[in-house]
1. Can you tell me which of 91, 7 is out of contact with any Cys (no Cβ under 6 Å at 6 or more places or on another chain), part of a strand (DSSP E or B) and without any contact (Cβ under 8 Å) to a residue 12 or more places away in the chain?
2. Just name the residue that is nearest to residue 54 (Cα to Cα) out of those in the range 155-198 that are in contact (Cβ under 8 Å) with a residue 12 or more places away in the chain and of a type in the set (Phe, Trp, Tyr).
3. Show the residue pairs meeting these rules: Cβ distance below 9 Å; 6+ apart or different chains; first residue within the range 40-66 and without any contact (Cβ under 8 Å) to a residue 12 or more places away in the chain; second residue crowded, with 16+ Cβ neighbours inside 10 Å and assigned to a loop (DSSP other than H, G, I, E, B).
4. Would you check which residues across the range 11-57 are of a type in the set (Lys, Arg) and either assigned to a loop (DSSP other than H, G, I, E, B) or in contact with a helix residue (DSSP H, G or I) (Cβ under 6 Å, 6 or more places away or on another chain) (or both) and list them?
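Every number here is computed from the coordinates shown, using simple stated rules; none is lab data. Because the structure is predicted, anything quoted here is derived from the model rather than measured. Cβ coordinates were reconstructed from backbone atoms using ideal geometry, including for glycine residues, and neighbour counts include every protein chain displayed.
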Amino acid sequence: MLYAVKYTGPFGFIKPWTAVRDSETYSQQFLTPSIVAGIERKLFPELLKNDDGEIKKIVGHRLSYKQVSQQQEQIQPRGWNKKSGGDEKGYHRPYAILVRGVFIEPVLWVAFGNKEDAQKASGEHICLCRNEDMLYPDGEIVETTQEEFDSNEELFAGFELVFERTEESFLVGYNRLKNNEPMYGYLKVVGTPVKSNY
């Protein structure tokens, strides 16, 4: 038996692990193992003790959204440039504009193996990647089976990166807590993850 908690919010962004300072970056459509581990550590801070980066309590998830909106963001680099010449001596930091493809109204289902973990999680907010991308629980815990969680296209539609190494898997990052061990997964799509009705 699985116990699923639904989280919703106005917007969200998942930065691809390969993107550093790309001028245009669309939100990655799936959660990597390190993102799921981060969500788990936020919900269960006791897991931070002797943390090995492995996922211990979350047994599945599903992410869907309404659309991707392009949003501009003004940034400044960390470093300073030296101005020299004429009367204008000193240091300055130039501005730049980034374009981010941000999820509109993301919905994230998080499944747990026991009811106590789901109850604790249903009282906490989470973030996808950025602190301002808060998702809130709707308070209800849905009891389901693994089979229904994987096949109910109406209720549990979305993208899920399954953290296994198979022929379909691809590299999704490195576990810095385990000697930078490579992390792999394959994408499972249930139903229609991008909602067409508003």
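1. Going through 91, 7 in turn, just one is out of contact with any Cys (no Cβ under 6 Å at 6 or more places or on another chain), part of a strand (DSSP E or B) and without any contact (Cβ under 8 Å) to a residue 12 or more places away in the chain: 91.
2. Step by step, filter the range 155-198, then rank; the result is 163.
3. 47/57
4. Of everything in the range 11-57, those that are of a type in the set (Lys, Arg) and either assigned to a loop (DSSP other than H, G, I, E, B) or in contact with a helix residue (DSSP H, G or I) (Cβ under 6 Å, 6 or more places away or on another chain) (or both) turn out to be 15, 21, 41, 49, 56, 57.
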